[in-house]
Amino acid sequence: MDALPITELKPALASIPDACTYMGGISRAKFYTDILPELDTIHLGARHFVVVGSLDRYIAKRANKEVPHAS
């Protein structure tokens with residue numbers, strides 16, 4: 001099996017500024033207060049990263065709650 005070129009891989013981790021951008025450009029204050037507590041994170045040395053999969057799950061969960069269902 002051939003490895004995918006690095007340009008085709010989705011990053012597994014995002015820095016806090018990149019996670020804010022990923023979430024549509026929300027402020028860091030909003031991100032830290034309302035969103036970060038619900039996400040999976042890791043520390044590598046002094047850096048704090050967000051697991052991108054947890055961002056995707058958070059978005060999907062919120063999208064499902066906010067979409068009205070037809071009766």
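Restricting A3, A14, A29 to residues that are modelled with pLDDT of 95 or more and either at positive phi or outside any helix (DSSP H, G or I) (or both) narrows the list to A14.
In the condition set (1) assigned to a helix (DSSP H, G or I); (2) modelled with pLDDT of 95 or more, K61 is compliant with all but (2).
Could you check how many residues of the range 45-58 are touching a Pro at 6+ places or on another chain (Cβ under 7 Å) and either modelled with pLDDT under 95 or not in a helix (DSSP H, G or I) (or both)? So that I can check it myself, show each step before the final result.
Filtering the range 45-58 for residues touching a Pro at 6+ places or on another chain (Cβ under 7 Å) gives 52.
Those still in the list that are either modelled with pLDDT under 95 or not in a helix (DSSP H, G or I) (or both) too: none.
Within the range 45-58, residues that are touching a Pro at 6+ places or on another chain (Cβ under 7 Å) and either modelled with pLDDT under 95 or not in a helix (DSSP H, G or I) (or both) number 0.
Looking across the range 26-38, the residues that are farther than 15 Å from D56 by Cα and of a type outside the set (A, V, I, L, M, F, W, C) come down to S27, R28, K30, Y32, T33, D34.
The values are calculated or read from the model by the stated rules, or taken from the named source; none is laboratory data. Bear in mind that the values here come from a model prediction, so they are computed numbers and not experimental data. Don't worry about glycine lacking a Cβ; one is built from the backbone with ideal geometry, like all the others, and counts go over all protein chains shown.
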